[in-house]
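Report on the structure given below.
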Amino acid sequence: MSFLTLDLNLLRVFDAVMTEQNLTRAASRLAMTQPAVSNAVKRLRDALGDELLIRTAHGVKPTARADSLWPAVRRALTELEEAVAPRNFELASAHATFRMAMADATAGLLLPSLVRVIENQAPGIDIRMVPLTTREPRPMLLRADIDLAVGFFPGVVAQLQGATETPIRHERLFAGEYVCVMRKEHPLSTKTLTLDNYCSANHLLVSFSGRARGLVDDALLTLNRERRILLTVNQFFTAGKVVAASDLLMVLPRHLIEATGMTNALVAKELPFSMPELQVDMLWHERDERSPGHQWLRKQLRNSGAFIPMAP
């Protein structure tokens, strides 16, 4: 295949199909017929010598070659679009939908101020929240399932900081410390929390995946200690309700206690062992790096994060 003979319009079709993961929706996006989109995909397959897109019951699934090719195509098309027709973002008249993934507690902290801005200044902006069920949101960003992810992604951020070629961008929003949380009438609430009585208690773990092991267990392992996790849940609000009505202990970032909705029924105590600082980052794809709307969204989240209370 010679690049000189490649019809570059095929790359626009490829980008739309990769974004929508569906030929019919891609056709609507491009103002084309579905057969025309199918034909364009076939021509690109023939030119590149790869299937690129495999039909499924719910649309199409990209091959490994398509996944590796798309970031470069998206980046090039974005740069061309901005050079030919720079986009303006007038907040009062803008119409856009942003899809974000974050835990319920984080959303409870960041979304109220964002919604107030939208209600007062940006009536055409819509927000769609997607469940965050993993500490690895990059596949969702690469597939364009979401526009932005917010959360604690230590492994991902460590890799990004050392990477030179990656389409994923990140920014620190805020940081906090972990504390042990229990109901106010808990037998340990009036005692010094020691490593022994901490490990002897029953525990609740907030786990997006349902895996009954977390950072606390890794920290305890270095001390040759372990704890019994009686219950795992995938929402901080649920965790607060359960802990407030039981003798289970849970470890939370201090700033998320309020998000449980049970602040008056809970008490926080310093952990009897060391834990790394919690760092909350937002991640996005480079295709949105210079988008005025996306820049506005990141600014709003940055402003919201600056006012997250760190005190007990």
**OP:** Tell me, please, whether a residue that is of a type outside the set (Val, Ile, Thr), within 13 Å of LYS184 (Cα to Cα) and more than 21 Å from the chain's Cα centre (by Cα) can be found in the stretch 214-236.
**Re:** no
Original post:
Of all residues in the stretch 52-62, how many are surrounded by 15 or more Cβ atoms within 10 Å (Cβ to Cβ) and assigned to a loop (DSSP other than H, G, I, E, B)?
Top reply: 1
**OP:** Working only within the stretch 1-40, note down all residues that are over 14 Å from LEU69 (Cα atoms) and of a type in the set (Val, Ile, Thr).
**Re:** THR5, THR24, THR33, VAL37
Subject >> One residue from SER68, SER113, SER93 being hydroxyl-bearing (Ser, Thr, Tyr) and outside any helix (DSSP H, G or I) >> reply: SER93
Original post:
In the set THR238, THR164, which member is in the same structural domain as ALA149 (by TED's automatic domain parsing), hydroxyl-bearing (Ser, Thr, Tyr) and free of Cβ contacts under 8 Å to residues at least 12 places away in the same chain?
Top reply: THR164
Subject >> Residues within the stretch 255-289 that are of a type in the set (S, T, N, Q) and under 30 Å from ASN224 (Cβ atoms), tallied >> reply: 2
Original post:
With respect to SER246, is the statement that it is outside the structural domain of ALA72 (by TED's automatic domain parsing) and loosely packed, with under 15 Cβ neighbours inside 10 Å true?
Top reply: no
**OP:** From (1) within 20 Å of PRO253 (Cα to Cα); (2) not in a loop (DSSP other than H, G, I, E, B); (3) not assigned by TED's automatic domain parsing to the domain that holds ARG298, pick out the condition that doesn't hold for ASN197.
**Re:** (1)
Subject >> Lone qualifier among SER246, SER274 - being closer than 19 Å to SER189 by Cβ, over 19 Å from the mean Cα position of the chain (by Cα), polar (S, T, N, Q) and in a loop (DSSP other than H, G, I, E, B) >> reply: SER246
Original post:
Could you count how many residues in the stretch 156-180 are part of a strand (DSSP E or B), under 20 Å from SER274 (Cα atoms) and not aromatic (Phe, Trp, Tyr)?
Top reply: 4
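Residue-wise test of (1) at pLDDT 90 or above; (2) aliphatic (A, V, I, L, M); (3) touching a Cys at 6+ places or on another chain (Cβ under 7 Å); (4) more than 30 Å from GLN300 (Cα to Cα).
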| residue | (1), (2), (3), (4) |
| --- | --- |
| THR134 | no, no, no, no |
| LEU142 | no, yes, no, no |
| THR190 | yes, no, no, yes |
| THR194 | yes, no, no, yes |
Original post:
If you take the residues in the stretch 249-271 that are among the β-branched types (Val, Ile, Thr) and assigned to a helix (DSSP H, G or I), which one is modelled with the lowest pLDDT?
Top reply: THR260
Original post:
Is it true that some residue in the stretch 199-216 is in contact with a strand residue (DSSP E or B) (Cβ under 7 Å, 6 or more places away or on another chain), over 25 Å from PRO154 (Cα atoms), of a type outside the set (Asp, Glu) and at pLDDT 95 or above?
Top reply: yes
Original post:
From the set of residues in the stretch 144-155 that are outside any loop (DSSP other than H, G, I, E, B) and modelled with pLDDT of 90 or more, which is surrounded by the most Cβ atoms within 10 Å (Cβ to Cβ)?
Top reply: ALA149
Original post:
Considering the stretch 29-50 alone, what residues qualify as being surrounded by 15 or more Cβ atoms within 10 Å (Cβ to Cβ) and of a type in the set (Ser, Thr, Tyr)?
Top reply: SER38
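The values are calculated or read from the model by the stated rules, or taken from the named source; none is laboratory data. Nothing here was measured: the structure is a model prediction, and the numbers come from that model. Using ideal geometry, Cβ is built from the backbone for each residue, glycine included, and neighbour counts are taken over all protein chains shown.
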